[in-house]
1. Report the percentage of all Cα-Cα pairs in region 1-100 whose separation exceeds 17 Å, rounded to a whole percent.
2. Nothing charged except the Cβ atoms of Lys and Arg (+1) and of Asp and Glu (-1): what's the magnitude of the dipole of the chain about its Cα centre? Round to the nearest 20 debye.
3. In debye, nearest 20, what is the charge dipole magnitude of region 114-179 about its Cα centre with +1 on Lys and Arg Cβ and -1 on Asp and Glu Cβ, if you could check?
4. Please give the charge dipole size of region 148-302, origin at the Cα centre, charges +1 on K and R Cβ atoms and -1 on D and E Cβ atoms. Round to the nearest 20 debye.
5. Using a 1.4 Å probe on the protein chains only, how many percent of the accessible area of region 148-302 belongs to carbon and sulfur?
6. Could you run the Debye sum over the Cα atoms of the chain, one equal point scatterer each and no solvent, and tell me log10 of I(q)/I(0) at q = 0.06, 0.13, 0.15 Å⁻¹, two decimals?
7. Check cross-link reach from LYS94 to the lysines: straight Cα distance under 20 Å, and skip same-chain residues fewer than eight apart.
8. Testing the spin-label approximation: label points 7 Å from Cα along Cα→Cβ at ASP65 and GLU192. State their distance in nm.
Amino acid sequence: MNENHRPIRVVQWGLGAMGQGVARLIRTKEGLELVGALDINPELAGKDVSEVLGGEPTGILISDDPASVLDPDKVDVVTIATTSWVERQLPNLKQILAAGINVVSIAEEMAAPEAQSPEAAAELDALARDNGVSIVGVGVNPGFVLDHLVVVLTTGSQDVTHIEASRINDLSPYGETVLTTQGVGTTLEEFEAGVADGSIVGHVGFPESVRLISDALGLGVDRVEQNLEPIIATQPRQARDRVIEPGLVAGCNHIAVGHRGDDEVIRLIHPQQVDPGAEGIATGDYITISGVPEVRMTISPEIAGGKATAGIAVNTIPRILAATPGLKRIIDLPTPCALMGPEAYERR
């Protein structure tokens, strides 16, 4: 790295599985420097971050007091991994922006917060502008596979009439929190009741993905319909800690359709389930763009969600630091890419 340029100083907020992945990756990049860590877990407060991330002691102590860490003279960017929902993360985001620090969030709804929380989006945009910093939400989905990648694949398109994209993944490695939100292990009746009371949510982020595609391509989507369908096991399926017997729910097929008037222009499909291979179902990411020319893309197996989300978050750090002030979306920034040498971080 040019000696006239210091590393980008980053604080990781949230040290769950995803936050740990982001923080570990930050530590491997010569152009970045992990300078702080925040987590609400009181059992972590005061511990060296290496006790969570592994490796040699760093002298960086985990804090549960954001005010003690958010110093714009010492921090350039906060990467935050605490929740999927805008409203739950909003107080933390406002605190970071008010301190005059840039933000990269991996909350799914932050990929396009105006899709469901327009007032919060406007508030974040104004606060970021007032403090001369930028904020963006990123991730593998939403933020890449079923939206940004779709947009990139239209680079050579002369006309686009319809988009269909699907992502088939395996929930087997995930813990109980994720399985519960997908209804895994429930009966059909329990699944329907969970959808009705909001405890089974399927994929978080479809309105955001539809908004990103529509805005980027000018498709004029004015209505989004979503449907959650149970995936019933017909063969025993192995989850991490138990077997899902035939007749029980193995996952949730979540479908979102974007309409322009009476016309369907976007269809996104995400059948999340445990052990799809038990029934001969291959995982993968699939995109079909109808138009001139027609584009079909298949990635098999699917892009690894956890690793890719960490990569996207870290690769976005120099992009958001260089951005004009305000609330950004991934389609508003230069496309993040793998930054393999310290010189890459000097693009700011």
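1. Values: 2467 of 4950 pairs.
The proportion of pairs with Cα distances above 17 Å equals 50 percent.
2. Numbers: 25 positive and 48 negative charges, 189 e Å.
The calculation lands at about 900 debye.
3. On the way: 2 positive and 10 negative charges, 43 e Å.
Dipole about the Cα centre, nearest 20: 200 debye.
4. On the way: 9 positive and 23 negative charges, 71 e Å.
Its charge dipole is roughly 340 debye.
5. On the way: 3470 of 6910 Å².
Carbon and sulfur atoms account for 50 percent of the accessible area of region 148-302.
6. Per q value, in the given order, log10 I(q)/I(0) is -0.22, -1.05, -1.33.
7. Result set, ordered by chain and number: LYS74, LYS328.
8. 5.4 nm
The values are calculated or read from the model by the stated rules, or taken from the named source; none is laboratory data. As the structure is a prediction and not an experimental result, all values here were calculated from the model. Cβ atoms come from the backbone with ideal geometry, glycine included; neighbour counts cover every protein chain shown. Areas reflect the complete protein model, heavy atoms only, side chains present, ligands, DNA and RNA absent. Shrake-Rupley method; radii C 1.70, N 1.55, O 1.52, S 1.80 Å.
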